[in-house]
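Down below is the structure, laid out as structure tokens.
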Amino acid sequence: MNKVNYVLSSTKRLLNQLEVSCLGGLTFSLFVFASFANGQANFTVTPQLVELELVPGGRRAFKVLLVNEGDKDTNRFRIFTADVFETEEGNYRVIDKGTSQFSCADWITPDSMEITLGPKQGKEIPFEVKAPLKVSGGRYASIVFALVPKETPFGTDEVGAGVTFHFRIPVQLEVTIRSALTPKPKNVEVTGIE
């Protein structure tokens, strides 16, 4: 078996062993693989879940910490918003933006960016959610942190084939929009109570 076929068959065996139900599971399962794949996918995102409560028209800021845990490589990350779907098993699945009727992905700023982090470098990334005026109930979104794959060119005397892995970690956002509170009356005086 030549070198190319061996690499492809090994990769195929690895992929066949990975059975995942959601994007978060894929990230966790492939994290083990990444430890022997040049450390490219050694990054963390905290927190994994952001829960906010807003009134219609309200806004809230929050931060997410992204850390490049690798010892050697500078890595580039693409950050974007997406919709989220809850499966029958209770897991979240990231889906294309604009797919869910209960999405708040369009309420998040910034909605996309790229960032580069050196080895062992981290950055708190600020986000803001602004609810429209005429909404209520639960709304959901994901902020996806994706490692931009590095290109590894083959030398002039090498024969090769490649497989590109895309490593992503989603942060789930759950927003509850409560009805605007009825204003309390001012200067109320109670009389005649004995």
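The values are calculated or read from the model by the stated rules, or taken from the named source; none is laboratory data. The structure presented is a predicted model; accordingly, all values stated were derived computationally and were not measured. Because the Cβ atoms are built from the backbone with ideal geometry, glycine has one as well, and the counts that use them run over all protein chains shown. Only protein heavy atoms, including side chains, enter the accessible area calculation; ligands, DNA and RNA are left aside. Shrake-Rupley method; radii C 1.70, N 1.55, O 1.52, S 1.80 Å.
Points to keep in mind about this one:
- Of residues in the stretch 76-97 being part of a strand (DSSP E or B) and free of Cβ contacts under 8 Å to residues at least 60 places away in the same chain, the one surrounded by the fewest Cβ atoms within 10 Å (Cβ to Cβ): E86
- The listed residue being over 14 Å from the mean Cα position of the chain (by Cα), polar (S, T, N, Q) and open to solvent by 80 Å² or more (accessible area, probe 1.4 Å), out of Q48, Q101: Q101
- Neighbours by Cβ (under 6 Å, 6+ apart or cross-chain): first from the stretch 130-151, outside any strand (DSSP E or B); second surrounded by 14 or more Cβ atoms within 10 Å (Cβ to Cβ) and among the charged types (D, E, K, R): V148/R76; V148/R78
- Checking every residue in the stretch 113-129 against the condition of being surrounded by 14 or more Cβ atoms within 10 Å (Cβ to Cβ), in a loop (DSSP other than H, G, I, E, B) and either aromatic (F, W, Y) or in contact with a His (Cβ under 7 Å, 6 or more places away or on another chain) (or both) gives zero matches.
- Beta carbons closer than 6 Å, at least 6 apart along the sequence or on distinct chains, pair a first residue in the stretch 52-65 that is of a type in the set (V, I, T) with a second that is open to solvent by less than 100 Å² (accessible area, probe 1.4 Å) and in a strand (DSSP E or B) for V64/I125; V64/V171.
- Selected residue [closer than 17 Å to T164 by Cβ and modelled with pLDDT of 95 or more] from F36, F77: F77
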